[in-house]
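Report on the following structure.
We did not get these values from a lab; they are worked out from the coordinates using the rules stated. Computed from a predicted model, the values in this text were never measured in an experiment. When we count neighbours, we look across all protein chains shown, and the Cβ atoms used for this are built from the backbone with ideal geometry, even at glycine.
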Amino acid sequence: MDYQAVMQKLSFLPDLYLVGGAVRDILLGLTPEDLDFATPAPPEEVMRLARAHGLEAIPTGIEHGTVTVLVDRHPYEVTTFRRDVETFGRKARVQWGQSIEQDLARRDFTIGAIALNAQGRVIDPYGGQQDIEAGVLRAVGDPAQRFREDYLRVIRAGRFVARYGFEIEQKTLEAARTAAPEVLSHVAIERVTAEFDKAFQNGTPSRFVRYLYDLEILQRLIPEFEDTHLLLQNPRWHPEGDVLTHVLQVLDRAPPRYRWHALLHDIGKKDTARWKPEGWYSFHGHERVGADLIPRIARDLRLPNDLREELVVTTALHMVPVFTKPTPAAIRKFQAQAGPHLPALKALYEADGGERRSPESWKFFEPQPVPVKPVLLGRHLIERGHKPGKDFSRMLQAAYDWQLETGETDIEKLYQAALKGLSREA
């Protein structure tokens with residue numbers, strides 16, 4: 001539903017405006033993801049009017065003036081005009097405002113300090129439309145004050161740059177640099193990680209990460225990125241040059257779902273860097289070192305457990321198709337180790353290598369005629385008189401190793417391999 005249709009259904013609310021990112025996206029010719037509205041009516045009055053007109057109203061943030069109104073079962077946030085009385089970091093003492101101009105004065109950047117009424121009239125007291133047309137990201141009013149009010153805005157600036165291809169106005173950029181050392185002391189890590197997730201969804205995410213690197217925020221989040229712009233790589237395989245540049249390129253090539261994988265796939269290179277007389281560094285074993293680093297990084301960033309597990313696998317295995325001959329046994333072992341993460345590995349492998357991958361190496365991702373999941377199972381051993389325990393597990397592993405090595409699928413032959421494995425352990 002377009003914003004004017006929603007506003008028509010909410011026309012019982014006085015002096016209603018569409019505000020925030022939706023206005024910015026409409027002016028950019030994009031479809032907004034969410035529609036947020038502002039009105040001078042206090043939240044209790046918004047709830048009373050909505051219910052009087054047969055709409056469900058939920059006090060989702062009533063202390064901040066926000067009520068969620070359901071229109072055709074879709075939620076829309078309606079917030080009372082506000083003006084700041086006192087600001088201190090994320091928290092502020094506010095009063096209900098009297099005008100949309102007062103409300104827009106609280107916004108972070110001019111491109112988001114624009115409102116639209118039901119007739120499509122634009123309210124733009126800070127020149128946001130002009131900045132949109134010029135491709136400029138500019139803070140509303142004093143940029144230093146805007147960042148002190150909410151240090152997350154320093155990171156959000158980078159996300160807008162990456163999404164829309166804008167450049168940050170010089171005073172705003174200087175204020176962001178000044179505020180950068182304070183960001184991680186004042187902002188919850190969950191909010192920071194959420195900005196990465198949003199930046200990874202569209203636009204050019206490398207610009208977001210490069211911005212955070214230039215402000216030294218990325219290195220504080222993930223110390224292994226420190227000085228990666230100085231780590232020159234073998235030009236035969238990496239004509240792009242240093243490790244950081246490579247990671248940024250992989251990030252842009254990767255599908256949105258796999259951009260955390262792209263960001264972290266070479267995280268072990270700094271710790272494994274060894275200078276070569278040819279004028280570049282080698283990074284022997286960086287994939288194994290990187291995989292060992294992932295659990296700590298994922299905990300620090302509060303990444304979901306399932307993503308952490310997948311990152312460990314893709315980081316550990318992403319070099320296997322590069323250096324391993326794709327024999328049937330090698331392919332089976334690779335796919336068994338990859339398990340359900342094989343699609344993620346394939347996406348990362350493609351993004352990592354660009355067009356430099358050998359055609360033969362893609363065999364590691366092809367469907368296999370022989371199953372890579374174990375054929376001999378615990379029930380088969382129980383049927384043959386074995387009881388669960390240490391020997392039981394060793395037998396199953398020996399049979400599975402033989403299956404992957406040879407492609408054998410016959411239960412009896414795999415059972416014999418299990419017995420031989422047990423005898424070798426004895």
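Which of 213, 349 has the fewest other C-beta atoms within 10 Å, and how do the rest follow up to the most?
Least crowded to most crowded, the residues run 213, 349.
Charges at C-beta only: +1 for Lys and Arg, -1 for Asp and Glu. How large is the resulting dipole of the chain about its Cα centre, in Debye rounded to 20?
Dipole of the chain, to the nearest 20 debye: 1180 debye.
Would you please calculate the Kirkwood hydrodynamic radius of segment 140-221 over all C-alpha pairs and express it in Å, rounded to one decimal?
After inverting the pairwise mean of 1/r, the radius is 12.5 Å.
About the Cα centre, and with charges only on the beta carbon of Lys, Arg (+1) and Asp, Glu (-1), how big is the dipole of segment 1-134? Nearest 20 debye, please.
My answer is approximately 320 debye.
Which value in deg cm²/dmol, rounded to the nearest 500, describes the helix-derived mean residue ellipticity at 222 nm for the chain, given -39,500 (n - 2.57) per DSSP H run of n ≥ 4 and division by the residue count?
Using -39500 (n - 2.57) per qualifying helix, the result is -14500 deg cm²/dmol.
If one puts a single equal scatterer on every Cα of segment 1-134 and applies the Debye formula without solvent, what log₁₀ I(q)/I(0) results at q = 0.12, 0.14 Å⁻¹?
Once normalised to I(0) and log-transformed, intensities are -0.44, -0.60.
How many Å³ per residue does the convex hull of the Cα positions in segment 205-267 occupy?
77
Compute the distance in nm between two label points, each set 7 Å from the Cα along the Cα-to-Cβ direction, one at residue 122 and one at residue 74.
Result for the modelled spin labels: 2.3 nm.
Please report, in debye to the nearest 20, how large the charge dipole of segment 260-333 is about its Cα centre when each Lys and Arg carries +1 at its beta carbon and each Asp and Glu carries -1 there.
Computed charge dipole of segment 260-333: roughly 180 debye.
Give the span of segment 373-426's Cα atoms along each principal axis, as three whole-Å numbers ordered largest to smallest.
Projected onto its principal axes, the Cα set of segment 373-426 covers 26, 22, 16 Å.
Can you quote the Å³ per residue value for the convex hull of the Cα atoms in segment 223-356, rounded to an integer?
107
Size of the chain along its principal axes in angstrom, Cα-based, largest extent first?
Taking max minus min along each principal axis of the Cα atoms, the chain gives 84, 60, 36 Å.
Taking the Cα atoms only, what angle lies between the long axis of helix 305-317 and the longest principal axis of the chain, rounded to 10 degrees?
Between helix and principal axis, roughly 50 degrees.
Please compute the Kirkwood hydrodynamic radius of segment 77-226 from all pairs of different C-alpha atoms, in Å with one decimal.
16.2
Need the full-extension length gain, residue 360 to residue 95, defined as separation in residues times 0.36 nm minus the C-alpha distance. One decimal, nm.
88.8 nm
From the P(r) of segment 283-426, could you give the percentage of C-alpha pairs in the tail past 25 Å?
In whole percent, the share of Cα-Cα pairs in segment 283-426 beyond 25 Å is 42.
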